[in-house]
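> Okay, handing you the structure first.
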Amino acid sequence: MKAFLVCVFFYSVLPSCAAVETKRLRKSVSVRKPLNANGSIRRKAAEQNVDYIKVGKEDDYFMKYRVLQNSFKTDSPTHFPTEAEDDSTEGPCDMNNADREEGIRRVIELVSPQSLGEEGLAQAQALAWIISEDGLFLCPDSLNLIQRYAVATIAYATDYENWNDSGNILRPVNECEWKGTDVDSFNIICNRQNVVTNLDIDENNAGGFLPAEIGLLTGLSVINMDDNQIGGSIPPSIGDLSRLRVLDLDSNRLTGVLPRELFLLPLETLDLNTNNLEGTIPSEVGNLSSVTFVQLNENAFTGTLPTELENLVNLDIFTFNENEITGTLPVGLCDIVEEEKLVATCDNFECSCCTCV
């Protein structure tokens, strides 16, 4: 009787104790302890001081969505109803196919709501591929589920079937091994933790658009997707790539304005020339204190150059010719960039230290 009262008292705190008492009424259910990427038992979100979708220690990409994924089956309070193990489980996920599909959908839906949209959407195609076609047969708590989904979404969104060289993309190997026959055309580079750091799709006839899901690849430091046919706007989710150093999207068909989130990044290279970008160059450009290379020429930018450009003390090359920019060059730029590397169209623009073309 005393043991029974102790268990009742601690029922909400010690699930294992509750399980002992429950054995008297029915067969107990064992639930796998949720683990961190390094194999240690995951603490509750409150103990980690993390947000339930965007968590993360910056040095561990897979911690970012770990609380979310482990909430599918867990012995602690979650944002989803806790499900008991089914005695009829099958397959490598230790659950039946219906539970696996539902678990994957729950995880992906919260980071990519469009995944539940129309069948023709890139996001919906990527989700369907993950669930039904991917030979790796990922589980709801697979470490690389969100990363693999994000890369697959980019593939569908940029019409990978029409690439000149799609290599082995969407084949049943880790996404870090997806490469083209010529790695200069298509290559994914990962670090030792199998986190995607470089996305290279160069001169490869990629079309379509850049999906917002590119922002899920928070380990990215380099995006090289120049000389393609990519249209649409640069998604604001680009601002989630807090490690991005190189953004090379020149010679595409990009439209719209520059998202202000772009100027929160530690960029060293910003190459956007030869597109159809418009609007003004925002004052936030002055936040790019590490940038050395900026090419904005051959677009449809208007207005004047912000004086905050003088904050770019490491700037080595700045081209903005063949736009509709007017006014004068912020005087401080003449002391930062050499004349031959400061290129402007001088018809309606005054610059005493520019190379005029």
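Bear in mind these aren't lab numbers, they're just calculated from the coordinates by the rules spelled out. Only a predicted model underlies this, so the values are computations on that prediction, with no experimental measurement involved. In this analysis, Cβ positions are derived from the backbone assuming ideal geometry, glycine residues included, and neighbour counts consider all displayed protein chains.
> Please work out how much length the chain gains when fully extended from Arg192 to Ser283, using 0.36 nm per residue of separation minus the C-alpha to C-alpha distance, in nm with one decimal.
Contour length minus the Cα-Cα distance gives 29.0 nm.
> Here is a follow-up. For a quick check of your reading of the filter: which trypsin sites (Lys or Arg not before Pro) in segment 112-221 sit in a DSSP loop and have no more than 14 other Cβ atoms within 10 Å?
Passing sites in segment 112-221 are Arg192.
> Relative to the Cα centre, what is the charge dipole magnitude of segment 255-335, using +1 at the beta carbon of each Lys and Arg, -1 at the beta carbon of each Asp and Glu, and rounding to the nearest 20 debye?
Dipole about the Cα centre, nearest 20: 120 debye.
> Another question, then. Where the centroid of each part is defined by its Cα atoms, how far is segment 281-357 from segment 188-213 in Å?
If we compute the Cα centre of each part, the gap is 29 Å.
> For segment 242-302, run through the trypsin sites (Lys or Arg not before Pro) and keep only the ones in DSSP coil with at most 11 other Cβ atoms within 10 Å of their Cβ. List each step's numbers first, then the result.
On the way: sites: Arg243, Arg245, Arg253, Arg260; in loops: Arg243, Arg245, Arg253.
For trypsin sites (Lys or Arg not before Pro) across segment 242-302 that sit outside H, G, I, E and B with at most 11 neighbouring Cβ atoms in 10 Å, the list is empty.
> Suppose R0 equals 25 Å. What FRET efficiency, 1/(1 + (r/R0)^6) with r the Cβ-Cβ distance, do Val246 and Glu118 give to the nearest 0.05?
For Val246 and Glu118, the calculated efficiency is 0.15.
> Tell me the GluC sites (Glu not before Pro) within segment 240-343 that lie in a loop according to DSSP and have at most 14 other beta-carbon atoms within 10 Å.
Glu338
> If each residue of separation counts as 0.36 nm, what is the full-extension length gain between Glu324 and Asp347 once their alpha-carbon separation is subtracted?
The Glu324-Asp347 span can extend by a further 7.3 nm.
> Can you work out the FRET efficiency for the pair Val313 and Ala128, with r the C-beta to C-beta distance and R0 = 51 Å, to the nearest 0.05? Mind showing how you got there, number by number?
Details: r = 49 Å, r/R0 = 0.96.
Calculated transfer efficiency: 0.55.
> Right, something else. Given a Förster distance of 41 Å, report the FRET efficiency between Thr304 and Asn96 from their Cβ-Cβ distance, rounded to the nearest 0.05.
Efficiency at R0 = 41 Å is approximately 0.05.
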